[in-house]
Amino acid sequence: MDDLNDPRRAGEIRQVLLGKYGLCCLYQEIYARYKACLDRTPGRGLAVELGSGAGFVKLVVPEVVTTDILAYTGVDAVVDGTAMPFANESIRFVCMWNVLHHIPDAEALFRELDRCLVPGGRAMIQDQHVGWIGRWVLRYIHHEPFRPEAAQWAFATDGPLSGANGALSWIVFQRDLKRFQKLFPRLRLNHYRPHTPLRFWLAGGLKKWSLIPSGTWRFVTALDRLLIHLSPQFGSFVEIELEKVENDSGNPA
């Protein structure tokens, strides 16, 4: 099934994800980071994942409402992150993994986060990072569009998954950070932390192949951590935490 935007791919994607030891471990790490962030939010409101796809977040964070813009089997609701069907200040936590760079109107997403999050609520965005390794992979190997030179955050798209700009997180929260802070003063950037230089790529992502046998996963994990210790710019992915505040102190930690 070749159409990236076909929700019937859910079973195929889930089979690949669960069939790769290393990829499952990486997803569990991401979900554990979700849980740690959720634990720092107020007690009232929903916890919502955007772009859940064929993931298994509920095994780690059972209270999360899973959503996707595509009608994947198993998600709790079909939701467009740029026009969410939730009331004002009704969400305490929003999370997404490899989703932001597929959203063709990032400003609309951030407006919705600003509207829907309760004061003190947080969003955790795990996405691609334009680091020393990621820049090369995204430009020359990865199948998705990659436009770090794009003047605007928005881009034309022919589908929720086929449309993308792999540099979007870096553009918004590094190159254009002052613009983000001006537009969304109540969404404070708590941190922007690159991570995972090699593991996702060597595991083949959601492709059927992998270059990491299960017995070598700990070694590759140690190598990833060593590279990040040497420089965060080795990171191919990034963890972004936003917090809704009452003032305009949108400064990165």
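Some observations on this one:
- Highest-MSF residue in the chain out of Ala77, Ala222, Ala123 [GNM, Cα springs under 10 Å]: Ala222
- Gain on full stretching of the segment that runs from Leu226 to Asp6 - 0.36 nm per residue minus C-alpha separation: 75.4 nm
- The helix-only estimate of mean residue ellipticity at 222 nm for the chain, built from DSSP H runs of length n ≥ 4 each weighted as -39500 (n - 2.57), is -8500 deg cm²/dmol after division by the residue total.
- Lys, Arg +1 and Asp, Glu -1 on Cβ, resulting dipole of the chain about Cα centre, debye, nearest 20: 720 debye
- Segment Tyr140-Ala156, length gained on full extension (0.36 nm per residue, minus Cα span): 3.7 nm
- Eigenvalues of the alpha-carbon gyration tensor of the range 15-157, scaled by 5 and square-rooted, set the equivalent ellipsoid semi-axes at 24, 20, 15 angstrom, largest first.
- Neighbour-count ranking [beta-carbon atoms within 10 angstrom, fewest first] of His129, His143, His101: His143, His101, His129
- Within the listed set Tyr140, Tyr192, Tyr34, the residue fluctuating most in the Gaussian network model of the chain (springs between alpha-carbon atoms under 10 angstrom) is Tyr140.
- Binning the C-alpha pair distances of the chain at 5 Å intervals from 0 yields a P(r) profile of 1, 6, 13, 18, 21, 19, 13, 7, 2, 0 %, listed from the shortest bin outward.
- Take the Cα of Trp209, step 7 Å toward its Cβ, do the same at Ala71, and the gap between the two points is 3.5 nm.
- 5 angstrom amide H check on Cys95, placed H, neighbours 5+ away: Val48, Glu49, Leu50, Met124
- Secondary structure note: in the range 7-244, about 50% of the DSSP beta bridges are antiparallel.
No lab work stands behind these numbers, since they all come straight from the coordinates. Note that the structure is a prediction, hence the values are computed from the model and not measured. A quick note on method: Cβ atoms are made from the backbone with ideal geometry, for glycine too, and the neighbour counts reach across all protein chains shown.
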